[in-house]
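Reviewing the structure listed below.
The values are calculated or read from the model by the stated rules, or taken from the named source; none is laboratory data. It should be emphasised that the depicted structure is a prediction, and the values quoted were computed from it without experimental measurement. Methodologically, a virtual Cβ is constructed for each residue, glycine included, from the backbone with ideal geometry; neighbour enumeration extends over all protein chains shown.
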Amino acid sequence: MRASPSRWSRKLWLVPVAAWLSIVGLMAGESRVLSHVHPPASLPYDQVAGNPHGRVTLYVYEAPDCEFCEKWDEQERRALERSAQDVRIIYRTILLWPQTLQDATALLCQREAAGSPQNCEGPGNLQHAILDNTRQAAHLGITATPSFITGDVMMRGYRPASDLMKKASLQLK
């Protein structure tokens, strides 16, 4: 007698569909307006750059296993931070896959070590912060990285620093 498929296995077809939709969104350079949810102003272990007292905030959501995030960091991060005169940039590390929690923790510890290494002495706190960031990102509808939010606009996928600054400067008006 053949066993009936579990409820989970019947929904496995959603995985490739969700992946395809994410890729299509990345290729289209998707932007959307957030109508009812916004990122919290600050969370533990936020990495702040640009003008810490800027009138506009740009949130950057990245994942440690994201090739596009790595490419964006190499090619656009410095340009964005140099041009952020009235923009506060907040970097948040999130997980796209549960097994990357240790990688994300190691990445944040490496970044924090230069400024405040005591933050890495208790990796449990850092892991909680990453999980909080991930839950918040899911609540915001972030399904791909890098993702950027300024005001009520979310942009998914690799974006040049100049495009991000244009979107952020629109919030000043």
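Couple of notes before you dig in:
- Leading residue by the ranking (nearest to Asp163 (Cα to Cα)) among those in the stretch 78-98 that are among the hydrophobic types (A, V, I, L, M, F, W, C) and outside any loop (DSSP other than H, G, I, E, B): Leu80
- The residues of the stretch 129-162 that are assigned to a helix (DSSP H, G or I) and buried (at least 16 other Cβ atoms within 10 Å of the Cβ), listed by number, are Ala129, Ile130, Asp132, Asn133, Thr134, Gln136, Ala137, Leu140, Ala161.
- Residue match in the stretch 68-82 (condition: modelled with pLDDT of 60 or more and small (Gly, Ala, Ser)): yes
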